[in-house]
Amino acid sequence: MLRKGQEEFITITIAPGQIALGAMRHVPRFIAEVWRTSPKLTALGIFLRLIRALIPAAMLFVGKQIIDTILPLIGQGAAVDLTDWIFSPAAQPLLLWIAAEFALALAADLIGRVTGMVDVLLTERYVNAMSVRLMEHAASLDLAHFESADQQDRLDRARRQASGRGNLLGQVLGFAQSIITILTFAVGLALYTPWLVLLVALALIPGFVSEAHFNTLAYRLNFRKTPERRTLDYLRYLGASVETAKEVKLYGLGGYFITRFSKLAADLYRASRLLAQRRAAWGGFFAIIATSAYYSAYLLVIWHTVTGTLTLGDLTFLGGSLLRLRTLLETLLLGLSELAAQSLYLDDLFSFFAIRPDIVRPVNAVPVPEPIRQGFSLRNVGFRYPGTNDWVIRGLDLDIGAGEVIALVGENGAGKSTLVKLLCRLYDPDEGEILLDGVDLRCYDPVALQQHIGVIFQDFVRYDVSARDNIAMGRIDDRERLDLIQSAAQRSLADTIIAKLPRGYDQPVGKRFTDGYDLSGGEWQRIAIARAYMRDAQILVLDEPSAALDARAEHEVFQRFKELAEGRMVVLISHRFSTVRMADRIVVLEHGRILEMGTHAALLAKGGRYADLFELQANGYR
């Protein structure tokens with residue numbers, strides 16, 4: 001939910017009076033982004049709309065000429081057949097005007113179809129380009145930007161705008177086209193009665209102000225309700241997804257999720273309905289004013305025609321011009337309001353692009369040592385997650401030697417996974433420093449550093465792609481190296497699983513797609529471990545790597561692991577003491593501080609917290 005201060009900020013920054021000016025600041029940048037997407041298609045779209053903008057006024061002018069040309073000819077063809085009349089000198093001027101109108105009608109239709117095609121192609125290219133840019137930018141951000149609820153709201157809005165603002169291009173170009181068309185009609189009307197243009201324009205301004213106001217309120221409502229809409233998406237996922245289907249059915253959760261969804265959806269609907277009703281009421285009132293002004297002007301034109309001041313052709317031209325001008329001005333003003341509203345949503349996208357990571361490559365980055373000779377040294381390290389006051393780790397000193405296998409043990413919340421994130425430089429410490437071979441981690445290029453780390457987190461990703469690609473995610477640049485993928489699978493014992501798949505390494509796994517082959521939790525875990533081995537990294541970080549493995553599979557994996565970990569620095573987190581006892585050194589954490597440290601045998605002999613935890617687990621097997 002948004003805090004009170006945030007709501008006040010929104011009210012101030014996007015007040016209705018500012019919408020037409022402040023929100024439009026994003027339009028030039030948007031047009032520049034579209035131009036970069038495809039200069040040729042953008043230029044073609046602009047040119048076609050320029051031509052289309054001039055056609056309506058030309059059509060009305062030709063229509064006026066046809067009527068004025070017809071009037072003197074009425075009755076002259078009574079005794080002449082059609083063929084003779086067509087080729088008679090008197091009919092030639094009329095036929096030329098009809099041919100001109102025919103050509104304009106054809107041009108309008110063809111240009112409209114080509115313009116529509118260009119818009120579709122350009123919109124798709126823009127949406128694809130912005131989606132790629134969104135993913136690229138997201139990949140450059142810090143982990144902190146994804147673990148904050150406010151930032152998740154911002155990311156969710158950015159995702160929606162990256163794919164949902166493609167129609168803005170047509171609106172921008174259509175807006176420019178309307179302006180040109182309006183100018184041509186206004187010039188034509190001004191040649192007869194200039195005040196008609198002013199009357200129609202003034203009558204439409206209140207409607208524009210009203211629409212601008214309600215567009216602002218709609219944006220504020222959508223912005224404020226972003227958390228609720230994300231909750232709706234989550235409830236929709238919980239109630240209708242393969243990942244949750246078993247528990248939903250067994251625990252009878254369907255009704256609960258439906259009730260929560262329906263209640264929240266109803267609340268959102270009531271807010272939207274109230275806004276829509278107010279908008280419709282005010283819009284109808286101002287539409288009456290605009291329509292009355294138009295027909296008053298039309299009545300005056302008719303009166304001037306009846307008195308002989310204007311010809312019948314003039315009446316047709318002026319009546320048509322008034323109608324088109326009124327419609328275009330109304331569309332233009334409402335379009336301006338809509339364009340400004342769309343620009344407000346662009347702020348969600350561009351503000352996301354404005355986020356900059358804190359963990360970046362230093363100017364004079366130090367090369368990551370190959371091989372690592374000394375290892376990690378943590379000096380008085382303290383860390384708390386952004387936006388919180390509680391220290392997860394505080395005053396921690398620890399050395400992890402090159403080639404050493406170290407296990408982190410402790411109750412949930414002791415800071416084990418946080419320490420791993422700091423070692424991988426997913427976060428930087430708030431206090432103290434972390435050194436690698438005597439150099440602060442901040443001096444290394446974070447991307448280069450992470451290329452030397454193979455990680456399997458307890459919440460590893462199950463990619464719904466082929467088994468081959470699942471393993472290759474560990475070093476995606478070597479996706480075509482089947483020999484490396486097979487070697488990684490053999491190390492983690494995932495090769496026995498893949499051998500049973502109908503299409504082997506090319507078999508899609510997971511339930512998301514039709515041809516996917518489902519795996520058990522333990523089988524997924526072996527695939528994930530293979531991904532870490534695929535990295536062939538100097539540093540291995542394993543966060544609960546055997547959580548889903550049965551006892552036999554765990555024994556086999558770690559018998560192999562001891563051989564493969566030779567010469568590598570390994571940080572292991574596990575609640576299974578059968579796993580951690582293989583470590584060279586065990587570190588017991590409590591409340592972000594080191595409580596005990598030593599070998600398995602030494603810690604048992606000490607009779608401290610580790611011995612208590614080991615005894616509790618051992619009793620479960622007796």
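Computed values, structure above
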quantity: Proxy reagent accessibility, fewest Cβ within 10 Å first, across TRP524, TRP35, TRP303; calculated: TRP303, TRP35, TRP524
quantity: Residues of region 499-541 with amide N under 17 Å of the 7 Å Cα→Cβ point at ASP584; calculated: 537-541
quantity: Taking region 464-536 and dividing mean pair separation by its residue count, relative contact order in percent (alpha carbons under 8 Å, at least six apart); calculated: 45 percent
quantity: Whole-Hz couplings from phi, Karplus 6.51/-1.76/1.60, listed for region 568-579; x for Gly and Pro; calculated: 9, 8, 10, 10, 10, 10, 7, 9, 9, 6, 5, 8
quantity: Sequence of CYS443, CYS424 once ranked by neighbouring C-beta atoms within 10 Å, starting from the fewest; calculated: CYS443, CYS424
quantity: Spacing of the two label points (7 Å from each Cα toward its C-beta) at ARG361 and GLU480, in nm; calculated: 2.4 nm
quantity: Residue exposure sequence - ARG279, ARG535 - by fewest surrounding Cβ within 10 Å; calculated: ARG279, ARG535
quantity: Rounded, prolate or oblate (a/c below 1.5 giving rounded, otherwise prolate when a/b exceeds b/c) for region 485-532 by Cα gyration tensor; calculated: prolate
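Coordinate-derived values only; no laboratory data. The structure displayed is predicted, hence computed values, not measured ones. Neighbour counts are summed over all protein chains in view; Cβ atoms, including those assigned to glycine, are modelled from backbone coordinates with ideal geometry.
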